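Engineer: Quick one: structure below, then a few questions.
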Amino acid sequence: MQMNLKLTKQRQQILDLIQASDGHMTADEIHTALKDQGKSIGIATIYRNLNVLYAEKLINRVRHPELGYIYDKNTHDHYHFRCQSCNRIFDVEIPYRDELHAIVEKELHCLVISHDMSFEGICESCLEEKKKKKSD
């Protein structure tokens, strides 16, 4: 964390909530969860603080095809898997492939700064649910 970032009470509440979450959260989910905890923070303030926390690399931001950005406590370079059945996003803990940068740079004669890769399919829970329905 950069020392010049002031962790205001609201910023800290948002960060604590994301850090305690089991997965990825939308700004609306964060807003609802904080409201349920009795904390009154406007949605515009949530978005503003999420942008600051992301810029300071305290949280990660992932583009969801239907939900817009979702926020992730996992800040190291990693990949994601989206279940097409339940729409959840999962972190994929396989090694990040920096060597892909060199391959793309050679192919396109460019400078690659980072890359993002997302996998799509059906998650384990949804597969189990489908198996159950078939056997019924």
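Engineer: Under a point spin-label approximation (7 Å from Cα along Cα-to-Cβ), what is the residue 112-residue 135 distance to one decimal in nm?
Structural biologist: Distance between label points: 4.2 nm.
Engineer: With a ≥ b ≥ c taken as the square roots of the eigenvalues of the C-alpha gyration tensor of region 79-127, please select rounded if a/c is under 1.5 and otherwise prolate if a/b is larger than b/c or oblate if it is not? Write down the numbers at each step before the final one.
Structural biologist: Values: a/c = 3.89, a/b = 2.91, b/c = 1.34.
Prolate shape, in that a/c is at least 1.5 and a/b is the bigger ratio.
Engineer: Oh, and also: Tell me, in nm to one decimal, what length is gained between residue 12 and residue 43 on full extension, where the rule is 0.36 nm per residue of separation less the Cα-Cα distance?
Structural biologist: Extra length from residue 12 to residue 43 when fully extended: 9.6 nm.
Engineer: Which shape class applies to the chain: rounded if a/c is under 1.5, otherwise prolate when a/b exceeds b/c and oblate if not, where a ≥ b ≥ c are the square roots of the Cα gyration tensor eigenvalues? Intermediate results must be reported in sequence, preceding the final value.
Structural biologist: Numbers: a/c = 2.50, a/b = 1.08, b/c = 2.30.
Oblate.
Engineer: How much FRET efficiency would the formula 1/(1 + (r/R0)^6) give for residue 4 and residue 128, where r is the Cβ-Cβ distance and R0 is 41 Å, rounded to 0.05?
Structural biologist: Working: r = 48 Å, r/R0 = 1.16.
It comes out at approximately 0.30.
Engineer: Going by a ≥ b ≥ c, the root eigenvalues of the Cα gyration tensor, does region 34-87 fall in the rounded group (a/c under 1.5), the prolate group (a/b larger than b/c) or the oblate group? Present the calculation step by step, with values, prior to reporting the outcome.
Structural biologist: Values: a/c = 2.19, a/b = 1.35, b/c = 1.62.
It is oblate, given that a/c is not under 1.5 and a/b is not larger than b/c.
Engineer: Kindly work out what percent of the DSSP beta bridges joining two residues of the chain are antiparallel, to the nearest 5. Don't skip to the end; give the middle numbers.
Structural biologist: Details: 10 of 14 bridges.
Among the beta bridges of the chain, antiparallel pairing accounts for roughly 70 percent.
Engineer: So between residue 92 and residue 22, what do we pick up on full extension, going 0.36 nm a residue minus the alpha carbon distance? Before the final figure, lay out the partial values.
Structural biologist: Values: separation 70, 0.36 × 70 = 25.20 nm, distance 1.40 nm.
Full-extension gain reported as 23.8 nm.
Engineer: I want the local charge near residue 9. Using Cβ-Cβ distances under 12 Å, sum +1 for each Lys or Arg and -1 for each Asp or Glu among the other residues.
Structural biologist: Details: positive: 6, 11, 39; negative: 16.
My count for the surroundings of residue 9 gives +2.
Engineer: While we're here: Okay, helix-only estimate at 222 nm for the chain: each DSSP H run of n ≥ 4 adds -39500 (n - 2.57), divide by all residues, round to 500 deg cm²/dmol; what do you get? Write down the numbers at each step before the final one.
Structural biologist: Values: 5 runs with 57 residues, N = 136.
Calculated from helices alone, the mean residue ellipticity at 222 nm is -13000 deg cm²/dmol.
Engineer: To make sure I understand the rule: partners must be lysines, Cα under 24 Å from the Cα of residue 6, and not fewer than 8 residues away in the same chain. Which ones qualify?
Structural biologist: Cα-Cα hits under 24 Å: 35, 39, 57, 73.
FYI, it's all coordinate maths here, none of it is from the lab. Values in this document were obtained by computation on a predicted structure and should not be read as measured data. Note that we place each Cβ from the backbone using ideal geometry, even for glycine, and neighbour counts take in every protein chain shown.
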